[in-house]
1. Rounded, prolate or oblate: which fits segment 12-121 when a ≥ b ≥ c are the square roots of the eigenvalues of the alpha-carbon gyration tensor, with rounded for a/c under 1.5 and prolate only if a/b beats b/c?
2. Cβ neighbours within 10 Å, averaged per peptide: list 174-185, 217-228 in order, most packed at the top.
3. Under 5 Å between amide H atoms, partner at least 5 residues away or on a different chain: which partners does Arg320 have, H built in plane at 1.01 Å?
4. When all protein chains stay in place, what accessible area (Å², nearest 10, 1.4 Å probe) is found for His58?
5. Determine the shape class of segment 292-426: with a ≥ b ≥ c the square roots of the Cα gyration tensor eigenvalues, call it rounded for a/c under 1.5, and otherwise prolate if a/b is greater than b/c, oblate otherwise.
6. Which lysines does Lys140 reach when only Cα atoms under 23 Å apart count, and residues fewer than 8 places away in its own chain are ignored?
7. Taking a probe of 1.4 angstrom, what is the accessible area of Tyr314 in Å², to the nearest 10?
8. Scan (i) 1.12; (ii) 0.98; (iii) 0.94 for the value of Rg/Rh (Cα atoms, Kirkwood Rh) calculated from this model and give just the label.
Amino acid sequence: GLVLDAHKQQACDSPIIELPLPTHVVLALDQGAGYDSELVVAVGDTVAVGTLVARTGHPYASAVHAPLAGIVVAIETREAAVQSGRSVCIVIDGNGSDRIDDSVRPVADLAALSPEELVQRLRDAGIAGLGGAGFPTATKLASARNLGAHTLVLNGAECEPWICCDDALMRCAADDVVLGALILRRAASAERCVIAIEDDKPAAIAAVAGAIERLRDAALSLAVVPAVYPQGAERQLITAVAGVEVPAGGLPADAGVVCQNVATAAAVAHWATRGEPMLSRVVTVTGSGVGRPGNVRAPIGAPLAALIAASGGYRGTPLRLIAGGSMTGRALPSDEVGLTKAMNCIFVATRDDIGSRLEAVEVPCIRCGDCAGVCPAGLLPQQLLRAAHADAHDTLRQLGLSDCIDCGLCDYVCPSQIPLADRFRDARRRLHEAAAMAQKAADARERHGLRKHRLQEAATAEQQQHRRELDQHLRDRGTGEIERH
């Protein structure tokens, strides 16, 4: 990894802004993990705050709830801040009411819930990872329990150069973070919980340390880690905190660890004390193209234009609107897309921020090896690039392409300006497509084999039946001949 220049001070020094309820929200069925939830409403339905509008029909999809009272006016495919760029979206127009759904009430029986029941409640509440992946919290907890994970690592590293929403949240809501950590630890049946924070966040460290001291739970501890990018990546943080390495192709739980984000823990505490499902999140709105960089708590589905307006509006000449940080974010088509659970930053970039990258001219690789020297996953980007150009799928697998964490450091240090991360993303996509085609062909062969087997069995059964009928006919005919004689 590398120590990168941070651009967080201005945004993090300001108090978190509470965004007023927008006039409408656009709720994507894909909340960032790549899988759609299932609709439970239709156009014309009236919803209240907290009404379930899409349930989780897949382990990697999260339930979605209405963050404002109103009417469902559209269900259609729109541009969205998700990997595919588009998602089916539920559009809700607010009606000015503050009616809250009857299902929203504090969890009175929290202490009486078993870990299994707790996991299911978190699934129903739509709690998802707020660190950027949007992966359903309940699925990770259930996997950790099944694999016997003994340590919960709460990720407060936040290593991206521009993002500071977790830092701001830990400063002002440390008690919620620590309470959520205890609930998550019990849900995962873990023995201990370590809250990891980078050493460039002294105010957050002090706030969380105070909250731990007030709770006096021996299972809780605080770990201060170096501010090195990408320290906040799950596997890298687990190695730094727990001293174990997640096996290639495996899960953190295979190494006895489950990792959750500090903002996710705060959302769990909010659900436990108020009964609200995941309706909002804190987002960093930053970049040279925004008037007042800061952190905004906004409803899920709020148009990004509303968050930018609350942060002083546009300034200068923005070139890119990026969901996520400067290292791992993706460009957005417009500011009308809705906020998702996985979006932790809106980066309004100008030429001052990204001009050098836009003007970069790619030249052939000079084999300097800088990319291999900074790769946090220990990969060999030069060899991966050659294999990607050749579409050598077996070689890509052997070189560990699936272990690439998309941190972008290889791009950052490449003197030849080769967009390595983009090439590797494309190679992974082609690899997945090839694997899907191979699986489809294997399934087709299996279906053909089963059909052939059924036809053979049917033919054999028909032959046996014909033979039995013929034998019976011959026996009947022989009996008739004897009787005549």
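The values are calculated or read from the model by the stated rules, or taken from the named source; none is laboratory data. Worth saying up front: this structure is predicted, and the values here are computed from it rather than measured. Cβ sites come from the backbone with ideal geometry, for glycine too, and all protein chains shown count toward neighbours. The protein model used for the area step is the full one, side chains on, heavy atoms only, and it has no ligands, DNA or RNA in it. Shrake-Rupley method; radii C 1.70, N 1.55, O 1.52, S 1.80 Å.
1. Numbers: a/c = 1.35, a/b = 1.18, b/c = 1.14.
Judged from the Cα gyration tensor, segment 12-121 comes out rounded (a/c under 1.5).
2. 174-185, 217-228
3. When sequence neighbours closer than 5 places are left aside, the close amide H contacts are Ala349.
4. Approximately 70 Å² of His58 is accessible to the 1.4 Å probe.
5. prolate
6. Filter leaves Lys341.
7. Here the accessible area works out near 110 Å².
8. Structure-derived value, by its label: (i).
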